[in-house]
Amino acid sequence: MQVSVESTSALERRMTVGVPVERIETEVNKRLQQTARRAKVPGFRPGKVPMSVIRQRYEDAARQEALGDLIQSTFYEAVVEQKLNPAGAPAVEPKSFEKGKDLEYVATFEVFPEFTVGGFESIAIERLQADVADSDVDNMLEILRKQNTRFETVERAAENGDQLNIDFVGKVDGEAFAGGSAKGTQLVLGSGRMIPGFEDALVGAKAGEERVITPTFPEDYQNLDLAGKAAEFTVTVNSISAPQLPELNDDFFALFGVKEGGMEGFRAEVRKNMERELRQAIKSKVKNQVMDGLLAANPIEVPKALISNEVDRLRVQAVQQFGGNLKPEQLPAELFDEQAKRRVVLGLVVAEVVKQTELKPDEARIRAMIEEMASAYQEPEQVVAWYYKNDQQMNEVRSVVLEEQVVDTVLQKANVTDKAVSYEEAVKPVEAPQAA
């Protein structure tokens, strides 16, 4: 077998492979002999059909099958011989495909980039430091109460925070428009669910009252036919309900699985969950900074095939998340290009850090991570046992732990500054950068 390789770009290779005719004929004859043992030809007993007849009937199909298999097998033999690492399937173009002659074909493909990860010392990390204070627990208790607010009917004028049951009919330029009417809608005043001016105009209304209100659609409203236009809504208030916060008692605590310990036990459980959230938030923010730093310090070119594959995965995830009747291929690839490229680059860079530093998943950290996740459940021992019986879940945990070990490796050399902040600031999500 003859092999020559040409580099057509930083990552693309054009490999020409020549396969001797003797090897081709050996593969063709092997398939014809296999066919002869099972072929059913009128006038002959199975297994007794003359090879001349077998060759006449089946040689073309056997040759096509042999050539396809030979291209596949010799391609992988060639890349091993040439010490190449393909990043995706090759595009194969036959150059010589004639019976009785050597097979020659050209395989064009991309290879994984070869690089060394470095620049850890140039990465600046701001590591947040925070504790859960008693006041933070107090705030969380109020949030939990508000999340479990009940509404009770009242006989008074509507106030901000009240829930109104309303019917409404909307018109623009005297004409009703799609989606502008509804009956029996529950609306909390001040929620911002409706367009500006709609909810404010219902403050002071009473049950049974009909009001005509005239809000204006925002200039950036998603329906361009309505954007910036004045509307007229006829609104009938069916009922008014005032918010009632639940008492902090045993019934309330039981909603969260706390059946013993009263207020003290509930606060302890809430604090434990907040501390877990705090640890995860700080860890996540540090990890994001490390990954951003690795990307900036190690710019690499990546195979288009890997980006395309990642785009396909993101399309599938988007369809699964948002549902509807869309098919993944209907989503424009451009929507996912940047995210896909970032994922691919990070995957290669992190894998190279693991390789260079010879990292192995720390079994103690794997156990600790599983136990922490399990602690959020009522029967953590069963959750831990479930993880250790589930290979797929265990592999996912090992992957996360290995990434954490990569982060720790970078932090040992990075420029790390600790910053004391409040609990609220520490758990606050990082805002995505605004598009220009």
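Tabulated data for the structure shown
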item	result
Candidates Pro94, Pro113 - the one that is farther than 30 Å from Tyr423 by Cα and within 38 Å of the chain's Cα centre (by Cα)	Pro113
The range 37-60 residues that are over 25 Å from Lys99 (Cα atoms), paired with ones that are of a type in the set (Val, Ile, Thr) (beta carbon under 7 Å, 6 or more apart)	Val41/Val49; Val41/Val53
Filtered residues of the range 1-46 (kept if among the basic types (Lys, Arg) and either under 44 Å from the mean Cα position of the chain (by Cα) or part of a loop (DSSP other than H, G, I, E, B) (or both))	Arg13, Arg14, Lys40, Arg45
Strands (runs of 3 or more DSSP E) enclosed by the range 150-198 - at least 2 residues per element that are closer than 22 Å to Ala227 by Cβ	163-172, 175-188
Options Gly192, Gly184, Gly180: the member that is at pLDDT 95 or above and either outside the structural domain of Tyr377 (by TED's automatic domain parsing) or in contact with a Ser or Thr (Cβ under 6 Å, 6 or more places away or on another chain) (or both)	Gly184
Candidate set from the range 318-328 (those that are exposed (fewer than 10 other Cβ atoms within 10 Å of the Cβ) and part of a helix (DSSP H, G or I)); member that is modelled with the highest pLDDT	Gln320
The one condition in (1) within 30 Å of Leu306 (Cβ to Cβ); (2) touching a helix residue (DSSP H, G or I) at 6+ places or on another chain (Cβ under 8 Å); (3) not hydrophobic (A, V, I, L, M, F, W, C) that Tyr377 fails to fulfil	(1)
Any pair with Cβ under 6 angstrom, 6 or more apart, that starts in the range 395-420 at a residue that is farther than 17 Å from Gly347 by Cα and ends at one that is among the hydroxyl-bearing types (Ser, Thr, Tyr) and surrounded by fewer than 17 Cβ atoms within 10 Å (Cβ to Cβ)	none
Cross-chain or 6+ apart pairs with Cβ under 6 Å, the range 8-20 first and among the acidic types (Asp, Glu), then part of a strand (DSSP E or B)	Glu12/Glu110
Members of the range 334-352 found to be among the acidic types (Asp, Glu) and either surrounded by fewer than 15 Cβ atoms within 10 Å (Cβ to Cβ) or within 21 Å of Glu404 (Cα to Cα) (or both), listed by number	Glu334, Glu338, Glu352
Whichever residue in the range 357-371 is within 20 Å of Glu275 (Cβ to Cβ) and more than 23 Å from the chain's Cα centre (by Cα) and, among such residues, is surrounded by the fewest Cβ atoms within 10 Å (Cβ to Cβ)	Ala368
Selection within the range 172-181 - surrounded by 15 or more Cβ atoms within 10 Å (Cβ to Cβ) and of a type outside the set (Val, Ile, Thr)	Phe177, Gly180, Ser181
Candidate set: the range 61-81, residues that are among the charged types (D, E, K, R) and free of Cβ contacts under 8 Å to residues at least 60 places away in the same chain; chosen: the one nearest to Phe112 (Cα to Cα)	Asp69
Of the criteria (1) in a helix (DSSP H, G or I); (2) over 17 Å from the mean Cα position of the chain (by Cα); (3) crowded, with 19+ Cβ neighbours inside 10 Å, which one Arg315 fails	(2)
Residue among Pro246, Pro215 that is surrounded by fewer than 17 Cβ atoms within 10 Å (Cβ to Cβ) and either touching an Asp or Glu at 6+ places or on another chain (Cβ under 7 Å) or of a type outside the set (Asp, Glu) (or both)	Pro246
Every residue from the range 280-312 that is part of a helix (DSSP H, G or I) and either in the same structural domain as Ser9 (by TED's automatic domain parsing) or over 30 Å from Thr417 (Cα atoms) (or both)	Lys304, Ala305, Leu306, Ile307, Ser308, Asn309, Glu310, Val311, Asp312
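Yes/no matrix, rows are residues, columns are (1) farther than 30 Å from Glu142 by Cβ; (2) touching a residue at least 12 places away in the same chain (Cβ under 8 Å); (3) under 16 Å from the mean Cα position of the chain (by Cα):
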site	(1), (2), (3)
Met263	no, yes, no
Ala268	no, no, no
Glu275	no, yes, no
Arg279	no, no, no
Ile307	yes, yes, yes
Val319	yes, yes, yes
Gln339	yes, yes, yes
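The values are calculated or read from the model by the stated rules, or taken from the named source; none is laboratory data. Owing to the predicted nature of the structure, the values given are computational and were not obtained by experimental measurement. Cβ coordinates were reconstructed from backbone atoms using ideal geometry, including for glycine residues, and neighbour counts include every protein chain displayed.
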